[in-house]
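Structure first, then comments.
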Amino acid sequence: MKIFVIGGGGREHALIWKLSQNPDIKQIYVAPGNGGMDEIATRVHLSVNDGQSLLQFAKEKEIDLTVVGPEAPLAAGIVDLFEKKGLKIFGPSQRAALLEGSKVFSKEFMRKYEIPTADFLVANTPQEAMSAIERGRFSYPFVIKADGLAAGKGVIVVSSKEEAVKAVEKIMVSKEFGGAGERLILEEFLTGQETSFMVFSDGKRAFPMVTSKDYKRRDNGNEGPNTGGMGAISPSPFIDYASIRMVMETIIMPTVFGMAQESRLFKGVLYAGLMMTPQGPKVLEFNCRFGDPETQTIMLRLQSDLLEIFLGIVNNSLSDVDIDWSMNASGTVVLASGGYPERYETGKEIYGLSRGTMMEGVQIFHAGTEKRDSKFLTSGGRVLNVCATAPSLQTVMEKIYTAVSFVSFEGMNYRNDIGVEEKT
Ligand code: AMP
Ligand code: GLY
């Protein structure tokens with residue numbers, strides 16, 4: 001079989017690593033990929049957003065299955081494009097991907113299907129937003145969110161009227177998040193612990209993956225700016241078996257059912273970002289794809305064949321596929337370029353990778369790296385994911401931080417408290 005993976009981050013490296021364990025797969029292509037994938041995949045220099053060229057490539061190479069990693073091509077309708085030409089592709093259609101692509105759609109959907117989420121109001125104009133602020137519709141702090149995809153940056157927590165007015169101006173008037181700022185959401189601030197909850201869905205049924213928790217803030221102690229994710233652990237310490245059932249019953253199944261009802265059949269990975277509140281789990285956001293770096297973390301625990309799961313979803317036979325997970329814990333620490341998520345330099349040589357990779361139970365997935373001759377250079381904000389699996393979270397984190405101590409590049413920055421507070 002020939003597989004084509006779209007994306008180039010740590011998430012895609014982990015998916016390719018897992019797929020490559022299937023002996024039926026003779027060839028994996030990846031667009032655009034990264035420097036760390038060369039041993040297991042062939043890189044293709046195409047952008048994830050160039051749907052027509054990706055389609056052309058898949059046709060020419062007679063690809064058996066294409067797998068989409070990031071949200072932007074899904075939101076742009078790449079699945080519909082491939083399916084129209086009779087090509088197999090893993091991921092939700094454009095209509096289903098709206099669950100992530102529009103926060104207004106997703107919040108109104110949750111209200112309609114009584115899926116627990118923060119109380120909210122949609123503002124279509126700055127005046128509507130200002131009027132809600134003036135009349136004190138939400139008490140402080142509350143949250144203001146741009147409607148569309150804003151690379152995780154369109155969420156602002158405001159603690160005063162002044163901050164609220166500024167946030168509305170930023171989103172709707174100066175349009176700092178572009179088209180995502182046509183509409184916005186004002187929403188109640190939820191307190192509790194955050195947990196990532198992903199399921200495989202074939203549109204009718206959904207099967208939970210093991211849980212995970214990601215660390216979104218850049219600095220130790222959950223301080224500093226929000227990032228794409230600085231680390232993750234699995235299982236999440238904040239969700240037990242009873243809560244998993246509750247999430248499946250009150251959130252996941254009504255979502256899969258509701259999307260089918262709306263003619264937006266959800267086939268792919270449904271990711272619910274949850275807040276575990278005193279009133280039970282509530283949805284912060286939906287994503288229509290694998291999380292990053294959660295995927296790097298949990299692929300180490302997946303015992304079943306990933307290709308079979310993907311094909312089960314694409315061919316509507318997911319119920320026939322066994323999905324087994326190891327009981328071990330796992331974790332990821334992201335090594336980032338100095339300055340990330342703001343400005344950072346690239347082109348720094350990376351040292352010590354082979355020593356880190358040689359440790360038992362450790363995997364290093366590349367994200368922003370480039371290969372030049374036999375050297376690896378940094379090429380992005382999040383550079384490497386150092387991951388491990390072991391019977392206890394404590395051992396996982398010891399392995400990861402030992403491996404991290406071997407790796408270095410100029411300006412390397414990482415959190416050294418991933419999984420620490422949860423260890424005891
Ligand atoms: P989102 O992209 O909607 O998941 O928001 C990004 C991050 O902002 C979340 O992971 C939370 O940490 C935070 N956040 C979003 N909505 C809320 C809320 N209603 N209450 C508290 N924190 C929130
Ligand atoms: N780790 C959060 C995300 O993938 O959106």
Exercise. Got a sec? Which strands (runs of 3 or more DSSP E) wholly within the range 106-189 have at least 2 residues that are free of Cβ contacts under 8 Å to residues at least 60 places away in the same chain, at negative phi and touching a helix residue (DSSP H, G or I) at 6+ places or on another chain (Cβ under 7 Å)?
Worked result: 142-146, 155-158
Seminar exercise, completed: Residues in the range 109-165 that are closer than 29 Å to residue 263 by Cβ, among the hydroxyl-bearing types (Ser, Thr, Tyr) and surrounded by fewer than 18 Cβ atoms within 10 Å (Cβ to Cβ) total 1
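Condition first: within 16 Å of ligand 2 (Cβ to nearest atom) and not in a loop (DSSP other than H, G, I, E, B). Can you find one or more residues in the range 314-321 that meet it? Before you say what the answer is, go through the steps one by one.
Quick first cut of the range 314-321, residues within 16 Å of ligand 2 (Cβ to nearest atom) only: none.
No: the range 314-321 contains no residue that is within 16 Å of ligand 2 (Cβ to nearest atom) and not in a loop (DSSP other than H, G, I, E, B).
Quick check on residue 92: is it assigned to a loop (DSSP other than H, G, I, E, B) and under 28 Å from residue 260 (Cβ atoms)? Explain how you work it out, then say what you get.
Values: assigned to a loop (DSSP other than H, G, I, E, B): yes; under 28 Å from residue 260 (Cβ atoms): yes.
The answer is yes for residue 92.
Yes or no: the range 83-90 includes at least one residue that is surrounded by fewer than 20 Cβ atoms within 10 Å (Cβ to Cβ) and touching a strand residue (DSSP E or B) at 6+ places or on another chain (Cβ under 6 Å).
Start the filter on the range 83-90 by keeping residues that are surrounded by fewer than 20 Cβ atoms within 10 Å (Cβ to Cβ), which leaves 83-88.
From what's left, touching a strand residue (DSSP E or B) at 6+ places or on another chain (Cβ under 6 Å): 88.
Yes.
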Exercise. Here are some conditions: (1) open to solvent by less than 10 Å² (accessible area, probe 1.4 Å); (2) touching a Pro at 6+ places or on another chain (Cβ under 7 Å); (3) more than 16 Å from ligand 2 (Cβ to nearest atom). Residue 199 meets all but one. Which one does it not meet?
Worked result: (3)
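To keep it simple, each residue is scored yes or no on (1) of a type in the set (Lys, Arg); (2) more than 25 Å from residue 269 (Cβ to Cβ); (3) surrounded by fewer than 21 Cβ atoms within 10 Å (Cβ to Cβ).
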| position | (1), (2), (3) |
| --- | --- |
| 332 | no, no, no |
| 359 | no, yes, yes |
| 363 | no, no, no |
| 376 | no, yes, no |
| 401 | no, yes, yes |
| 406 | no, yes, yes |
Seminar exercise, completed: Requiring at least 3 residues that are closer than 17 Å to residue 393 by Cβ and within 15 Å of ligand 2 (Cβ to nearest atom), the strands (runs of 3 or more DSSP E) wholly within the range 210-273 are 231-234
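Can you go through 282, 371 and tell me which one is open to solvent by 30 Å² or more (accessible area, probe 1.4 Å) and farther than 26 Å from residue 259 by Cβ? Show your work before the answer.
On the way: 282 fails: farther than 26 Å from residue 259 by Cβ.
The conditions single out 371.
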For this session: Scan the range 229-251 residue by residue and report those that are crowded, with 23+ Cβ neighbours inside 10 Å, closer than 28 Å to residue 77 by Cα and away from ligand 1 (no atom under 13 Å from the Cβ).
Result: 251
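Go over the candidates 112, 145, 107 one by one and state the one that is basic (Lys, Arg) and either touching a Cys at 6+ places or on another chain (Cβ under 7 Å) or within 19 Å of residue 174 (Cβ to Cβ) (or both). Walk me through how you get there before you give the answer.
Numbers: 112 fails: either touching a Cys at 6+ places or on another chain (Cβ under 7 Å) or within 19 Å of residue 174 (Cβ to Cβ) (or both); 107 fails: either touching a Cys at 6+ places or on another chain (Cβ under 7 Å) or within 19 Å of residue 174 (Cβ to Cβ) (or both).
Sole residue among the options that is basic (Lys, Arg) and either touching a Cys at 6+ places or on another chain (Cβ under 7 Å) or within 19 Å of residue 174 (Cβ to Cβ) (or both): 145.
Name the residues in the range 278-291 that are more than 16 Å from the chain's Cα centre (by Cα) and either under 19 Å from residue 155 (Cα atoms) or near ligand 2 (Cβ under 10 Å from one of its atoms) (or both), would you? Full working, then the answer.
Filtering the range 278-291 for residues more than 16 Å from the chain's Cα centre (by Cα) gives 278-282.
Once the filter is applied, which keeps residues that are more than 16 Å from the chain's Cα centre (by Cα) and either under 19 Å from residue 155 (Cα atoms) or near ligand 2 (Cβ under 10 Å from one of its atoms) (or both), the range 278-291 yields only 282.
The values are calculated or read from the model by the stated rules, or taken from the named source; none is laboratory data. Predicted, not measured: the structure shown is a model, and the values here were computed from it. Heads up, the Cβs are rebuilt from the backbone with ideal geometry, glycines too, and the neighbour counts pull from every protein chain shown. Note: accessible area is taken over every heavy atom of the protein model, side chains too, but ligands, DNA and RNA are not part of it. Shrake-Rupley method; radii C 1.70, N 1.55, O 1.52, S 1.80 Å.
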